[in-house]
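Trainee: Can you read through this structure? Questions will come right after.
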Amino acid sequence: MTTLHPAVEQALALVDFKRYDQARALLSQHLVEDPGDTRAWIELGYCHLKMQQPEQALEAADEALKIAPEDFYVLILRAKALTSGPNSSWRAAEPVLREAVRADPQHWYGYTMLADAVCRMSMVRYFQANGSRKPEPHEVDLVYREAADLASEALRLGPEEVYAHEIAHQIATFSGDIARADQLERAILRLDPTHAEALAAQTRKAAEAPGVKAPRAADLYATGLASAPDSTELQRGLDQATYRMLRGVRWLALLCVCLSGAGMDLFAVEGEVQRELPLPLGQRLWDLVPMTAIWLVGALLRFRRRRAGVRLNVQSLIRRRRWARIVVTQAAWAMLCALLITQVPWDERTLPQVLLWAGIAPTFATIWFDRNETR
């Protein structure tokens, strides 16, 4: 590119501060005086794109093409204008991008955008010819071969460019090459550790691997969110893992209810003599020991070892999600029943039996219906 006019340099400074309207006005004024400044038309077009005005950006690209019909950057601007906004057309952009690649065959960006366009249009042409049927395994290579070759060339020319890796990953995903897609995700994270999509995909794979339990999954999602705090997918995964942890708390409470019933011999067993009621104070206090151990090992230590983000999300999830509140309430109700059974000096077993079923039944009545909340 030639030396920039001072007005264009000033406009670029305004763009850096995202003051696109002022940059557009300055460039428009400059172009009235010098309509042959190609760089000014290009920057004006990008200002329009930043302001969600693809039609005006296309007009700026067309004006620049009149001056420099084989300029790589002008052709890229036109392709971006054609693929932006509600009336985007990758079909119209594809020949423009092929011309851009011919104009500068050593620039990675042209190959990357062209690979994206060819991938999209290959799918469109296939669906138009075959209806909504997905490509068969033996057809995938034919559908995506050109796009994959273009993406490979883009990676060769721009091995450190995240966008080139993103498009190559998109093509690998569409073609069903899981190993290649995973490799590209890892490469993207090496270049940009905060890349939200790649980070979410890799975290999800690690969290859903066989043998990974809810606490470990929650830690993985919390670690991912620390790098990409705006990722809705990571937040959704953390919510699901946290809810699975809360569901586990109910089983601890149910175990305590069952132990309380066993401690009082609530149900007669043939050949065994039931304990006399009321139970002595020492026995009732002793019944608290296994319950305390269950909660220390199963819940308190389990949550205390989690990342701070997981502990905070437990509180947040209880405020935000109705089923999380239901789970906590059920666990609290079951523990209340367990404590009433063991700590009140009952003279007969009828009411403790009612409390036992009251502690168990409500939880079991809903425990199978909230599984969808973990997905």
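The values are calculated or read from the model by the stated rules, or taken from the named source; none is laboratory data. Quick caveat, the model's predicted, so the values are computed rather than measured. Every residue, glycine as well, gets a Cβ built from its backbone with ideal geometry; the counts of neighbours run over all protein chains shown. In case anyone asks, the SASA skips ligands and DNA or RNA and just uses the protein heavy atoms, side chains included. Shrake-Rupley method; radii C 1.70, N 1.55, O 1.52, S 1.80 Å.
Trainee: Could you look through region 262-299, keep only residues that are in contact with a Gly (Cβ under 9 Å, 6 or more places away or on another chain) and touching a residue at least 60 places away in the same chain (Cβ under 8 Å), and pick out the one that is least open to solvent (accessible area, probe 1.4 Å)?
Mentor: LEU279
Trainee: Just to be sure before I move on: is VAL74 under 25 Å from LEU150 (Cα atoms), part of a helix (DSSP H, G or I) and open to solvent by less than 30 Å² (accessible area, probe 1.4 Å) in the structure I sent?
Mentor: yes
Trainee: Can you tell me which residues in region 1-43 are within 18 Å of ASP62 (Cβ to Cβ) and open to solvent by 90 Å² or more (accessible area, probe 1.4 Å)?
Mentor: VAL32
Trainee: So, one more: What about SER28, is it without any contact (Cβ under 8 Å) to a residue 60 or more places away in the chain, polar (S, T, N, Q) and in contact with a Ser or Thr (Cβ under 8 Å, 6 or more places away or on another chain)?
Mentor: no
Trainee: Just the residues that are over 20 Å from ALA181 (Cβ atoms), free of Cβ contacts under 8 Å to residues at least 60 places away in the same chain and not charged (D, E, K, R), please, taken from region 211-220.
Mentor: Result: GLY211, VAL212, ALA214, ALA217.
Trainee: State yes or no: is TYR46 in a helix (DSSP H, G or I) and either open to solvent by 70 Å² or more (accessible area, probe 1.4 Å) or farther than 28 Å from TRP90 by Cα (or both)?
Mentor: So TYR46 does not fit the description; no.
Trainee: Is it fair to say PRO345 is over 25 Å from TYR221 (Cβ atoms), surrounded by fewer than 19 Cβ atoms within 10 Å (Cβ to Cβ) and without any contact (Cβ under 8 Å) to a residue 40 or more places away in the chain?
Mentor: Taking the combined requirement at face value, the residue does not satisfy it.
Trainee: With respect to GLN235, is the statement that it is under 29 Å from GLN315 (Cβ atoms), free of Cβ contacts under 8 Å to residues at least 60 places away in the same chain and touching a helix residue (DSSP H, G or I) at 6+ places or on another chain (Cβ under 7 Å) true?
Mentor: Against the criterion (under 29 Å from GLN315 (Cβ atoms), free of Cβ contacts under 8 Å to residues at least 60 places away in the same chain and touching a helix residue (DSSP H, G or I) at 6+ places or on another chain (Cβ under 7 Å)), GLN235 qualifies.
Trainee: Can you give me the ranges of the helices (runs of 4 or more DSSP H) entirely in region 271-368 with at least 1 residues that are under 16 Å from THR242 (Cβ atoms)?
Mentor: 301-304, 308-320, 322-343
Trainee: Return a yes/no flag: does region 301-311 have any residue that is in contact (Cβ under 8 Å) with a residue 24 or more places away in the chain, over 23 Å from LEU336 (Cβ atoms) and of a type in the set (Val, Ile, Thr).
Mentor: Checked against the condition, which is being in contact (Cβ under 8 Å) with a residue 24 or more places away in the chain, over 23 Å from LEU336 (Cβ atoms) and of a type in the set (Val, Ile, Thr), region 301-311 yields at least one hit.
Trainee: I'd like the residue in region 225-236 that is assigned to a helix (DSSP H, G or I), open to solvent by 10 Å² or more (accessible area, probe 1.4 Å) and not polar (S, T, N, Q) and, out of all such residues, is farthest from ALA201 (Cα to Cα).
Mentor: Per the stated criteria, the residue is ALA226.
Trainee: If you go through region 210-224, how many residues are open to solvent by 40 Å² or more (accessible area, probe 1.4 Å) and either in a loop (DSSP other than H, G, I, E, B) or within 27 Å of ALA154 (Cα to Cα) (or both)?
Mentor: Result for region 210-224: 3.
Trainee: Could you please give the count of residues in region 83-96 that are more than 29 Å from the chain's Cα centre (by Cα) and either touching a residue at least 12 places away in the same chain (Cβ under 8 Å) or open to solvent by less than 10 Å² (accessible area, probe 1.4 Å) (or both)?
Mentor: Going through region 83-96 one residue at a time, the tally reaches 4.
Trainee: Just the residues that are at negative phi and not in a helix (DSSP H, G or I), please, taken from region 2-40.
Mentor: THR2, THR3, LEU4, HIS5, PHE17, ARG19, ASP34, PRO35, GLY36, ASP37, listed by residue number.
Trainee: Moving on. When only residues in region 300-331 that are more than 16 Å from ALA253 (Cβ to Cβ) and small (Gly, Ala, Ser) count, which is surrounded by the most Cβ atoms within 10 Å (Cβ to Cβ)?
Mentor: Within region 300-331, the match that is surrounded by the most Cβ atoms within 10 Å (Cβ to Cβ) is GLY309.
Trainee: Of the conditions (1) closer than 28 Å to GLY309 by Cα; (2) touching a Leu at 6+ places or on another chain (Cβ under 9 Å), ALA172 satisfies every one except a single condition; which number is it?
Mentor: Looking at each condition in turn, ALA172 falls short on (1).
Trainee: ASP239 - would you say it is among the charged types (D, E, K, R), within 13 Å of the chain's Cα centre (by Cα) and either assigned to a helix (DSSP H, G or I) or buried (at least 22 other Cβ atoms within 10 Å of the Cβ) (or both)?
Mentor: Yes, satisfied.
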